Amino acid sequence: MATPTWPSYAPPMASNTGLSGGTGLGPLTPTSDQVVVLYVIIAMAVVIFGFWNVPVVRNLINPLKLFTIGWHEMCHITAAILTGGRILKITIDPHVGGATIVEGGVPWFTLTAGYVGSTLLGGAFLLAGWNTLVAKILSFVLGVGLIIPLVLVRDKLTIVLTLGYEGMVVGFWFIDHGQALRWLCLFIGVMNILFVIWDVADDRFFHKTNDSDATQFSLLFPKIGAHVWATFWILFQLGFLAGFSLLGIFAFKLSKEEMDAQAATFLPT
């Protein structure tokens with residue numbers, strides 16, 4: 001009796017397509033370029049902390065601080081208006097910080113909106129650090145956002161620096177097909193998503209005129225100290241920093257050539 005034969009089957013081959021962008025890596029395993037972005041995020045956080053408060057040097061980032069503080073205060077203003085509050089006074093200053101004096105509304109909601117808003121905008125710009133197309137789109141937000149605070153600014157140096165940063169945004173479009181915009185947007189992202197650290201440091205160590213939101217929370221809820229609120233919001237923003245970084249690793253696994261080709265579909269340079 002003849003022994004039956006069976007068709008042989010080749011073992012399944014691993015697919016290189018899908019969300020990993022053809023790299024063969026797992027969805028949350030960073031590519032070599034993405035590892036560089038992670039290191040740059042850490043380096044930028046250290047640089048921003050130094051530049052935020054070091055005399056003379058801090059003036060160089062005044063326009064970026066105004067953008068960051070201005071957005072933070074805009075979130076307070078929006079929340080106050082949405083809950084029926086009335087805006088009495090607005091301060092947006094790179095040296096003394098920001099402040100929004102509100103009458104009425106829902107205080108806890110208005111106060112919460114500041115750090116939450118900074119976190120979400122920072123996260124969006126953080127994602128731009130992983131993808132040139134996203135950076136191109138958000139460069140328009142940055143361009144407009146740098147100009148708006150000048151309505152309240154009379155300092156000539158800050159005005160000149162703002163125009164310089166506007167020129168930088170435009171110029172970066174033409175460097176390596178817009179790749180340079182990624183790093184500028186990443187810097188803005190780190191500055192916004194970790195705003196609570198600069199805000200608390202201003203308040204606790206450098207004794208700026210305007211209190212941090214953490215101090216304001218302790219005044220609103222006296223049973224919880226300012227240091228507890230500061231710790232909570234720092235952990236909150238660090239958590240979102242990690243979350244947006246993982247999202248960037250997951251969603252934007254493209255080689256430089258693929259990224260350039262994708263970015264060329266939107267206002268190619």
Of the residues in the range 178-201, those that are buried (at least 19 other Cβ atoms within 10 Å of the Cβ) and farther than 30 Å from Trp233 by Cα come to Gly178
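Let's see how each residue does on (1) without any contact (Cβ under 8 Å) to a residue 40 or more places away in the chain; (2) among the charged types (D, E, K, R); (3) over 20 Å from Gly123 (Cβ atoms); (4) part of a helix (DSSP H, G or I):
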position	(1), (2), (3), (4)
Leu238	no, no, no, yes
Ala261	yes, no, yes, yes
Thr265	no, no, yes, no
Pro268	no, no, yes, no
Identify, by number, the condition in (1) in a loop (DSSP other than H, G, I, E, B); (2) touching a helix residue (DSSP H, G or I) at 6+ places or on another chain (Cβ under 7 Å); (3) more than 21 Å from Val190 (Cβ to Cβ) that Trp130 doesn't meet. (3)
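Let's see how each residue does on (1) surrounded by 20 or more Cβ atoms within 10 Å (Cβ to Cβ); (2) modelled with pLDDT under 95; (3) assigned to a strand (DSSP E or B):
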{"site": "Arg58", "(1), (2), (3)": "no, yes, no"}
{"site": "Ile61", "(1), (2), (3)": "yes, yes, no"}
{"site": "Ile69", "(1), (2), (3)": "yes, yes, no"}
{"site": "Leu88", "(1), (2), (3)": "no, yes, yes"}
{"site": "Thr91", "(1), (2), (3)": "no, yes, yes"}
{"site": "His95", "(1), (2), (3)": "no, yes, no"}
{"site": "Thr100", "(1), (2), (3)": "yes, yes, yes"}
Right, Leu161: in contact (Cβ under 8 Å) with a residue 24 or more places away in the chain, under 20 Å from Leu126 (Cα atoms) and buried (at least 19 other Cβ atoms within 10 Å of the Cβ) or not? no
Picking from Gly123, Gly117, Gly143, the residue that is over 19 Å from Leu66 (Cβ atoms), among the small types (Gly, Ala, Ser) and modelled with pLDDT of 95 or more would be Gly123
Yes or no: the range 166-185 includes at least one residue that is closer than 20 Å to Gly243 by Cβ and either assigned to a helix (DSSP H, G or I) or in contact (Cβ under 8 Å) with a residue 40 or more places away in the chain (or both). yes
In the range 148-162, how many are more than 12 Å from Asn62 (Cα to Cα) and either among the small types (Gly, Ala, Ser) or assigned to a helix (DSSP H, G or I) (or both)? 3
Test: residue in the range 170-182 that is at pLDDT 90 or above, of a type in the set (A, V, I, L, M) and within 19 Å of the chain's Cα centre (by Cα): yes
Quick one: how many residues across the range 102-124 are under 26 Å from Phe206 (Cβ atoms) and part of a strand (DSSP E or B)? 1
So Asp155 fits all but one of (1) surrounded by fewer than 22 Cβ atoms within 10 Å (Cβ to Cβ); (2) of a type in the set (Asp, Glu); (3) touching a helix residue (DSSP H, G or I) at 6+ places or on another chain (Cβ under 7 Å); what number is the exception? (3)
Yes or no: the range 24-32 includes at least one residue that is over 25 Å from Ile249 (Cβ atoms), assigned to a loop (DSSP other than H, G, I, E, B) and modelled with pLDDT of 85 or more. no
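The values are calculated or read from the model by the stated rules, or taken from the named source; none is laboratory data. Quantities reported herein were computed from a predicted structural model and do not represent experimental measurements. Methodologically, a virtual Cβ is constructed for each residue, glycine included, from the backbone with ideal geometry; neighbour enumeration extends over all protein chains shown.
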